[in-house]
Amino acid sequence: MIPGSFSYHRPASVTDAVKLLVDLGEDARPLAGGHSLVPMMKLRLATPTHLIDLHGIAALKGISRDGNLVIGAMTTQHELLASDEVAKSMPILHEAALLIADPQVRYRGTIGGNVANGDPGNDMPALMMALGASYRLEGASGARDVLAADFYQGAYFTALEPGEILTSVSVPVPAAGHGYAYEKLKRKVGDYATAAAAVVLTMAGGKVATCTIGLTNVHETPLLAADAAKAVIGTSLDAATLKKAAAAASAIMSPAADARGPVEYRKHVGGIMVTRALQRAASVAK
Amino acid sequence: MAKTHVTMKVNGAEVEGLVEPRTLLVHFIRENLQMTGTHIGCETTHCGACTVDIDGMSVKSCTMFAVQAQGSDIITVEGMANADGTLSALQEGFRMMHGLQCGFCTPGMIVRAHRLLKENPLPSEPEIRMGISGNICRCTGYQNIVKAIQYASAKINGVEFQEAAE
Ligand SMILES: Cc1cc2nc3c(=O)[nH]c(=O)nc-3n(C[C@H](O)[C@H](O)[C@H](O)COP(=O)(O)OP(=O)(O)OC[C@H]3O[C@@H](n4cnc5c(N)ncnc54)[C@H](O)[C@@H]3O)c2cc1C
Ligand code: FES
Ligand code: FES
């Protein structure tokens with residue numbers, strides 16, 4: 001399994017990378033960790049004729065805090081796991097990164113590649129939607145910020161325009177004492193989700209005060225389960241409420257039937273992931 | 001496609017070669033450098049047989065291009081023995097604990113375990129199992145591989161190795 005031929009470019013700045021993308025046109029692709037793109041190239045499902053390796057661009061690396069947590073696109077999943085700032089202010093990001101693939105993949109896979117890829121199986125997009133994150137996209141005519149919730153338009157189809165690079169992810173830091181959980185059902189360690197749910201909530205006086213729910217791999221795009229979240233606000237997550245929330249979440253799912261199971265099964269377990277994530281998030285909220 | 005000249009350090013020695021951009025690192029190591037300890041199992045980034053250590057990271061070398069390794073410092077299984085040629089603690093562990101049957105997965109397991117023990121010298125059993133979750137063995141069922149890594153960890157840290165009860 002050897003990929004098709006391509007020319008390799010290693011620009012040193014975002015400006016140079018954008019220029020290459022614009023000049024070389026449609027058959028040029030950015031290369032981040034390569035852990036989605038290279039397997040696709042080996043299977044000849046992707047045949048870019050130019051690869052623009054982003055590893056030479058220092059500005060795309062690193063995690064900083066300017067109110068929001070700003071994560072450079074080329075920050076790896078391994079670096080997210082090693083970050084004290086992430087563990088402290090956004091533990092759900094640590095929890096979800098640990099559920100991605102295996103150690104070798106996490107050393108190479110990047111947050112930018114994970115969210116830009118547009119694969120419904122990727123774990124970060126639903127989480128970013130639940131956290132209210134936005135993506136910075138830079139192209140020839142400058143930079144723009146797009147909410148994660150507006151970014152995903154179809155399987156492998158996103159708001160990225162030709163000639164644009166995703167340079168960073170900006171995530172509002174959730175309130176101190178917030179509850180969180182990423183529940184992911186998978187067939188084995190290292191697998192993509194059969195279904196997964198991200199919950200971020202706050203509690204006040206034993207009742208849910210705010211709540212967002214993101215869903216992974218139960219539709220051709222990641223989803224925000226807004227009705228399910230609305231159903232739990234003001235409640236103490238009693239059994240009837242949990243059932244209502246799971247049903248509201250399942251109602252917006254339309255997963256593909258694949259090796260991970262038929263449609264009804266994936267919707268059913270998707271609802272269970274929502275239930276579990278809500279319960280666990282409430283139990284860690286302070 | 002025009003070939004590119006690459007240089008890198010492999011097991012402490014400077015090496016060079018001419019590669020196409022699409023040449024995978026594993027092919028460069030096996031074919032250009034003639035180091036066939038690094039295996040190709042699945043070619044789909046699942047099995048970990050092709051794992052090498054690059055600049056302090058475990059990497060599946062079937063999913064990285066040789067041009068991307070320009071200037072890097074690589075360790076393969078051929079570089080795992082002690083400087084005097086004796087077996088390293090990990091290699092000894094795999095031998096003592098019967099951590100292999102056919103041996104196909106073993107180079108990737110040892111190279112991965114090397115980095116795991118650098119990052120976490122005294123891992124618990126669950127940490128070892130999570131640490132090698134990117135490496136598939138079709139023969140041994142992992143129990144003896146875990147023991148081999150525990151053996152090496154004990155030896156490196158100078159503590160007594162106690163074989164867990166079955
Ligand atoms: C065995 C295995 C198991 C996996 N399991 C999981 C899993 O459980 N969960 C999960 O979420 N992922 C999983 N992955 C995918 C992994 O997390 C990838 O690393 C990730 O999806 C893509 O990140 P990357 O940096 O490798 O991107 P690449 O593969 O380099 O790129 C992916 C796509 O995004 C584009 N792209 C990348 N960066 C940018 C950018 N900055 N701007 C614009 N476009 C860009 C590329 O052109 C390409 O089209 C798995 C991968 C493997 C090999
Ligand atoms: S050959 Fe590289 S992971 Fe299997
Ligand atoms: S010993 Fe045969 S594959 Fe592991």
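Residue under question is A:M41, and the condition is that it be assigned to a helix (DSSP H, G or I), modelled with pLDDT of 95 or more and crowded, with 20+ Cβ neighbours inside 10 Å; does it hold?
Yes, satisfied.
Those residues that are within 13 Å of ligand 1 (Cβ to nearest atom), more than 13 Å from A:V105 (Cα to Cα) and either crowded, with 24+ Cβ neighbours inside 10 Å or of a type in the set (S, T, Y) (or both), I need them from the stretch B:21-48; list them, please. It would help to see each step written out before you state the result.
First, pick out the residues of the stretch B:21-48 that are within 13 Å of ligand 1 (Cβ to nearest atom): B:41-48.
Pick out the ones that are also more than 13 Å from A:V105 (Cα to Cα) and you get B:41-43.
Within the stretch B:21-48, no residue meets the criteria.
Determine if the stretch B:69-78 includes at least one residue that is farther than 23 Å from B:G12 by Cα, within 16 Å of ligand 2 (Cβ to nearest atom) and not β-branched (V, I, T).
no
With respect to B:A113, is the statement that it is within 16 Å of ligand 3 (Cβ to nearest atom), within 14 Å of chain A (Cβ to nearest Cβ) and of a type in the set (A, V, I, L, M) true?
Spelling it out, B:A113 is indeed within 16 Å of ligand 3 (Cβ to nearest atom), within 14 Å of chain A (Cβ to nearest Cβ) and of a type in the set (A, V, I, L, M).
Before we move on, is B:V59 buried (at least 16 other Cβ atoms within 10 Å of the Cβ), in a strand (DSSP E or B) and at pLDDT 95 or above?
Spelling it out, B:V59 is indeed buried (at least 16 other Cβ atoms within 10 Å of the Cβ), in a strand (DSSP E or B) and at pLDDT 95 or above.
Just give me the residues in the stretch A:158-201 being within 18 Å of A:A133 (Cα to Cα) and within 14 Å of chain B (Cβ to nearest Cβ), in sequence order. Give the derivation first.
In the first step, residues of the stretch A:158-201 are kept if they are within 18 Å of A:A133 (Cα to Cα); the result is A:158-160, A:165-176, A:178-182, A:197-201.
Across the stretch A:158-201, there are no qualifying residues.
Of the numbered conditions (1) free of Cβ contacts under 8 Å to residues at least 24 places away in the same chain; (2) part of a strand (DSSP E or B); (3) in contact with a Leu (Cβ under 9 Å, 6 or more places away or on another chain), B:E16 fails exactly one; give the number of that condition.
Here B:E16 clears every test but (3).
Residues of the stretch B:118-159 being within 17 Å of B:M96 (Cα to Cα), in contact (Cβ under 8 Å) with a residue 40 or more places away in the chain and of a type in the set (A, V, I, L, M, F, W, C), which ones?
Hits for the stretch B:118-159 are B:I145, B:A148, B:I149, B:A152, B:I156.
Suppose we keep only residues that are more than 12 Å from every other protein chain (Cβ to nearest Cβ) and part of a loop (DSSP other than H, G, I, E, B) within the stretch A:47-81. Which one would you say is surrounded by the fewest Cβ atoms within 10 Å (Cβ to Cβ)?
A:G67
The values are calculated or read from the model by the stated rules, or taken from the named source; none is laboratory data. Quick caveat, the model's predicted, so the values are computed rather than measured. Counting neighbours? That spans all protein chains shown, and the Cβs are built from the backbone with ideal geometry, glycine included.
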